[in-house]
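See below for the structure under consideration.
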2 protein chains.
Amino acid sequence: MIPASIRSKRIEYAIRDVVVPAKELEKKGIEVLKLNIGDPIKYDFKTPEHIRKAAAEAVMNSRSEYSPSEGLLELREAIVDKEKGYGVDITTDDIVVTTGVTEALMLIFAAALDPGQEILVPGPTYPPYITYPTFYDGIPKTYRTVEEDGWHPDPDDIRKKISRKTKAIAVINPNNPTGAYYDERIIREIADIAAENDIFMISDEIYDKMLYDNEFVSPAKIAKDVPMIILNGISKVYLAPGWRIGYLAIRDVDGKLEDIRDGIMRQARARLCANTPLQLGYLAALKGPQDHIKKTMDKLRERRDYVAKRVAEIDGLSVVPPKGAFYMFIKVDGCRDDKKFVLELLREKHVLTVHGSGFCPIYGKGHFRIVNLPPVEYLEEAFNRIEEFMKERKNI
Amino acid sequence: MIPASIRSKRIEYAIRDVVVPAKELEKKGIEVLKLNIGDPIKYDFKTPEHIRKAAAEAVMNSRSEYSPSEGLLELREAIVDKEKGYGVDITTDDIVVTTGVTEALMLIFAAALDPGQEILVPGPTYPPYITYPTFYDGIPKTYRTVEEDGWHPDPDDIRKKISRKTKAIAVINPNNPTGAYYDERIIREIADIAAENDIFMISDEIYDKMLYDNEFVSPAKIAKDVPMIILNGISKVYLAPGWRIGYLAIRDVDGKLEDIRDGIMRQARARLCANTPLQLGYLAALKGPQDHIKKTMDKLRERRDYVAKRVAEIDGLSVVPPKGAFYMFIKVDGCRDDKKFVLELLREKHVLTVHGSGFCPIYGKGHFRIVNLPPVEYLEEAFNRIEEFMKERKNI
């Protein structure tokens, strides 16, 4: 056998460990209730019609050419306008349209990290924040976020974990998997730490307009003194995750990100471009009516509240009600092995969730993540089964 | 300034060096005749209507969900059928649908190369075959292809350059930038070298159906004994480069590629998926009528023949007429600096081409590459200017 690289073997994919046994059950004809997928389209959501129409029109007009590596100019203009609305001052030259936020993360980590250099990421976190720094020979370090404090980051822990090797601090806000939304005070504190250490921030804002009660405040507005790379895209707010259109925006201060910008741009040119016709769909999304967002949030609110009620009624479970996004990170009292818990729940009750340690072995353990995307009837059946499971629960 | 990684600085993009001064001319209002872009859509080609319709329908049906990381099953089935037509025996489990062949190359090189390991690539070559092995700490070595022999690879040179560190030999056939199409005998000889050294082959077939006279014969059919990864996609044959849909197919022998397959699949899952709706366009492309291909090739043949005639009439230029793809790699007699040649041609006559050394500093030098994609009138004007330039040419 021809051996594979060490680099590729470093990629772990914890979430997969629970998907494989679920597929095996399904092959046997067993219906599995899925609370694991962060994809609204798999439930009862659709991409808004005016966005679909714009993309379909682009396809019909044979907008099949390579676009500029940094993305179509008209889309970058719309992104500049969007960010201006948040009080963020960037130009079209600061933007790279990417194949989803995932590609943006690859470009950033590959541009920023030499071997052994570190990046601070929230714990628990969205898994690519662990995968890609590791893939590029860097070291992701998780900082503590505090469940009792609405899953807010702990600035003292960030200070403790900063070293001379640290290149950046990442903030995912609203957060996946906890649904936390951070107070401005916390963002300011993290920004101060970045400023003191002359490092930059990564601000992942993919759920920016998916807040239940708050109005999103951009970290780049709060911290005008800290170089920052902002991430966003069409996936969640505009309900089109499979279109693979996102962006990164470099909000620099005093040219501190010039070198990293060059490292990002070199990669962006080598990989050619994000797909062209669906960029025009995102353009329509940014410039068109936004009223689908309220409708989406109304549905999600009802579902969140339903889950919160059920969780409160089940002995041994608790949850911090999320302020944004569509995830709920549920605590299991006295849980010794959350992966085993999730696998047993799947095997016995055919409900698929994701184990908390898949999002962080330290700060995620003893939890499981669900999505509050499915309709209430679906959630009801799932939580009936979870309730039964908790009653029968043995020593997990 | 926060320093960028060494890795990102390694990315060179020679072709860009000529695009920047061209853009500067355009900013001054000067019209530049562009013979540099391998994108049919930028000239007078369109994605065939039935393919556009299928993709637009997928968009309108809100096929906006994440697809499986390895690609939609129905598309992989169609790819299996396509490869079966070439006598290649693979299953849907052997395929990963990718964001263009570029992403496929990234997945393969990252999965195959540990630091210092080598990959043999044709010289001259399509630049990502240099960029990505280098990006992942590997070493691309170019093997000689021989202009006097229709740009066929020189097997002796391949033998000479194989070392214990070599992991694979790449073949791009039909070739970019030379337009060569390889005799079966040569493929067999390269496959023998791979087999003797227990390494695998990479077969880039993105121009497979763009042959002027020959019928494509798959290297995987010729060399059933050699593990091979096949690359293809919608970009060229189906005239949709900006859709970013390609694939890699692992044609294994005795499980030799199992480990590398695992390394590829880990990466594929981490990056989620290629865009979903345009995958359904590629499905329609593979299963629908193929008659646009003959029409495309008829146009390209006329344009190729026109360029060949003009080149033959110009003192100091010569070209091996391409057998496939849409590039012509033109030799400049006694040229000492092909980059300077191309830049002067741009500055004095406003015709943009790409310098041969951008495709390989050894085997590409003294040449420039054009595309025979534009209509004859456009080519006529461009070659009038090239002819003038050659007459006035000084000591370049």
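Below are the figures for this structure:
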| read-out | value |
| --- | --- |
| Rg to Rh, two decimals, where the stretch B:1-90 supplies the alpha carbon set and Rh follows Kirkwood | 1.13 |
| Values of log10 I(q)/I(0), in the order q = 0.10, 0.21, 0.25 Å⁻¹, for the stretch B:195-292 under a Debye, Cα-only, solvent-free model | -0.34, -1.18, -1.31 |
| Share antiparallel - DSSP beta bridges, the protein assembly as shown, percent rounded to 5 | 55 percent |
| Position B:E74, label points 7 Å along Cα→Cβ, spacing to each other copy in nm (shortest first, one decimal) | 3.0 |
| Taking A:I95, B:I370, B:I229 and counting other C-beta atoms within 10 Å, the order from fewest to most | A:I95, B:I370, B:I229 |
| At 7 Å out from Cα toward Cβ: B:K256 inter-copy label distances (nm, ascending) | 5.2 |
| Tilt relative to chain A, helix A:376-392 - C-alpha long axis, 0 to 90 degrees, to 10 | 50 degrees |
| Dimensionless Rg/Rh of the stretch B:49-287 - Kirkwood Rh, Rg from C-alpha atoms | 0.96 |
| Label spacing, shortest first and in nm, from B:K287 to its equivalents in the remaining copies (7 angstrom along Cα→Cβ) | 3.5 |
| Gyration tensor (Cα) of the protein assembly as shown, equivalent ellipsoid semi-axes in angstrom | 47, 29, 25 |
| Greater than 22 Å apart at Cα, pairs in A:K82/A:K221; A:K160/A:K209; A:K42/B:K46 | A:K160/A:K209; A:K42/B:K46 |
| Extension gain from A:D198 to A:D337, taking 0.36 nm per residue of separation minus the Cα-Cα distance | 46.1 nm |
| Sequence of A:E302, A:E103 once ranked by neighbouring C-beta atoms within 10 Å, starting from the fewest | A:E302, A:E103 |
| Antiparallel DSSP beta bridges within the stretch A:49-287, as percent of all bridges there, nearest 5 | 40 percent |
| Principal axis dimensions, the stretch B:277-354 - Cα atoms, whole angstrom, descending | 49, 27, 19 |
| Between helix B:338-349 and chain B: long-axis angle, C-alpha atoms, 0 to 90°, nearest 10 | 60 degrees |
| Principal axis box of the stretch A:151-233, alpha-carbon based, largest edge first, Å | 38, 22, 20 |
| Sorted by Cβ density within 10 Å, fewest first, the residues A:E392, A:E74, B:E77 | A:E392, A:E74, B:E77 |
| Innermost chain A residue relative to the axis carrying A onto B, by Cβ distance in angstrom | A:A56, 2 |
| Loop-located GluC sites (Glu not before Pro) in the stretch B:140-232 whose Cβ has at most 13 other Cβ within 10 Å (DSSP) | B:E215 |
| Expected 222 nm ellipticity per residue - DSSP helices of 4 or more, -39500 (n - 2.57), all of the protein assembly as shown, to 500 | -12500 deg cm²/dmol |
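Any read-out appearing in this document is the output of simple, stated calculations on the displayed coordinates, not a laboratory observation. Bear in mind the structure is a predicted one, so any value in this text is a computation, not a measurement. Quick reminder, even Gly has a Cβ in these numbers, built from the backbone with ideal geometry, and neighbours come from all protein chains shown.
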